[in-house]
1. Among the GluC sites (Glu not before Pro) in the stretch A:1-92, which ones are in a DSSP loop with at most 15 other Cβ atoms within 10 Å of the Cβ? Mind listing them?
2. Among the lysines, which fall within straight-line cross-link reach of residue A:35, defined as a Cα-Cα distance under 16 Å, with same-chain neighbours fewer than 8 residues apart omitted?
3. Which percent of Cα-Cα pairs in the stretch A:97-171 sits in each 5 Å bin, short to long?
4. Per the helix-only calculation at 222 nm, which mean residue ellipticity applies to chain B, given -39500 (n - 2.57) for every DSSP H run of n ≥ 4 and division by its residues, nearest 500 deg cm²/dmol?
5. Under 5 Å between amide H atoms, partner at least 5 residues away or on a different chain: which partners does residue B:111 have, H built in plane at 1.01 Å?
6. Using the Cα centre of the stretch A:61-181 as origin and beta-carbon charges of +1 (Lys, Arg) and -1 (Asp, Glu), tell me which of A:118, A:167, A:152 is placed farthest towards the positive end of the dipole.
7. Taking the Cα centre of chain A as the origin, how large is its charge dipole in debye, to the nearest 20, when only Lys and Arg (+1) and Asp and Glu (-1) carry charge on their Cβ atoms?
8. Which of the lysines could a cross-linker bridge to residue A:78, judged by Cα under 21 Å and excluding same-chain residues fewer than eight apart?
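What follows draws every value from the coordinates through simple rules; no lab data is involved. Keep in mind that what you see is a predicted model, and the values were worked out from it rather than measured. Note: ideal-geometry Cβ built from the backbone for every residue, glycine included; neighbour counts use all protein chains shown.
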Amino acid sequence: MTWTTPFTAISGDTVTAAVFNAQVRDTMLEMEPAKAQNLGGYFVATGSKGLAERQFKSYLINRGESTTSTSYTDLTVKGPGVTVTTGTSAIVFLACRIEMSTSTNLGAASVTVSGASSVSASDDWACVLEGVDTASLHQNRRMSVHRFTGLTAGSNGFTMQYRVDGGTGNFQNREILVMPL
Amino acid sequence: MAWSAPMTAIALSTFSAAEYNRYIRDNLLETAPGRWPGAASYYYTTYKTNGLAYRTMQESFIATTTSTTLHTYQDLTGPSVTSIPVGSAMIVFYAVRMSNSLLDCQARASVALTGPTNVSSRDDWGIVVDGRSATQSERVGGFHHFKGLKAGNYTAKIQYYELGGGTASFSDRQIVVMPL
């Protein structure tokens, strides 16, 4: 079914069942109430006269894990990550508590996209901790946000990954929130 | 009124006033324009199958500095947002400028909810400043997606605590809520 631009009635004309079904029934099935299926859903335009219901998706992993990798990588417990249906864009919020073994190195948490689209994790949208006195291994929790555009519409997975530029980084209280558009 | 799946017309059948009222009038009243609350800056969310509710984002900001030496999350004059109508979830964004009077001690903040479902502040979604020189501050942001909430009205507030033995200070405190 698709949205049909409502016809203009002319006095004396007959409205047939076929016209009713195309102009009223099928058009109403393209409206928000018909598409409202999931608690907390919201609505986005998918193209000319098209609507889709989307949902925020989030995940939190409290477990702390470490890496010495200088390129973005998964931790032993991968993620967190969520898979959502998107159009061509999505807004992603991420947060992470970071603890570094050396005060001269940085730790970073970013997001990679897989599925219908493929986008590698990047410092461009990472949350980063650097230059913190390492006595007693201090922890700081930081967040970042990024709007991914140019995605291939469909099922896309958003997963947090991590890196350091030296030393050992420990990452915990790792949280991701995705707003698909 | 409630949404009814639109009827399928059959050729040569009569379209009654009752059918018009149910399938056209009442259904149109369930759409976004039909449920418009009379003001701008609202968005619509699904609160039940085939049901829309209008919501608005709310926020509160307090610039003044407040402090604590206590080692559990506690209230320090807000900020908070009250009377938040929630269907099943809420997203909270917040930011605070934080420091500690001692070298290498922590200042922490988090968010708690009170309402049909109570949620205590937790480090899981908290923000932390640590390992800085005495009195050096940073303004740090955080967020959390509170899910599985019972429907009803809520209050969201920022809470604070100190770890390490100094005095933690908090200023430019802001909370923004997006009820769903």
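1. Here the GluC sites (Glu not before Pro) that fit, given the DSSP loop and packing criteria, are A:30.
2. Partners found: A:49, B:48.
3. Calculated over all Cα pairs of the stretch A:97-171, the distribution is 3, 17, 25, 19, 13, 10, 7, 4, 2, 0 percent.
4. Computed mean residue ellipticity for chain B: -500 deg cm²/dmol.
5. Under 5 Å from the amide H of residue B:111 lie the amide H atoms of B:122, B:159, each far enough along the sequence or on another chain.
6. The residue sitting most towards the positive pole is A:152.
7. Approximately 220 debye in magnitude.
8. Qualifying lysines at Cα under 21 Å: A:57.
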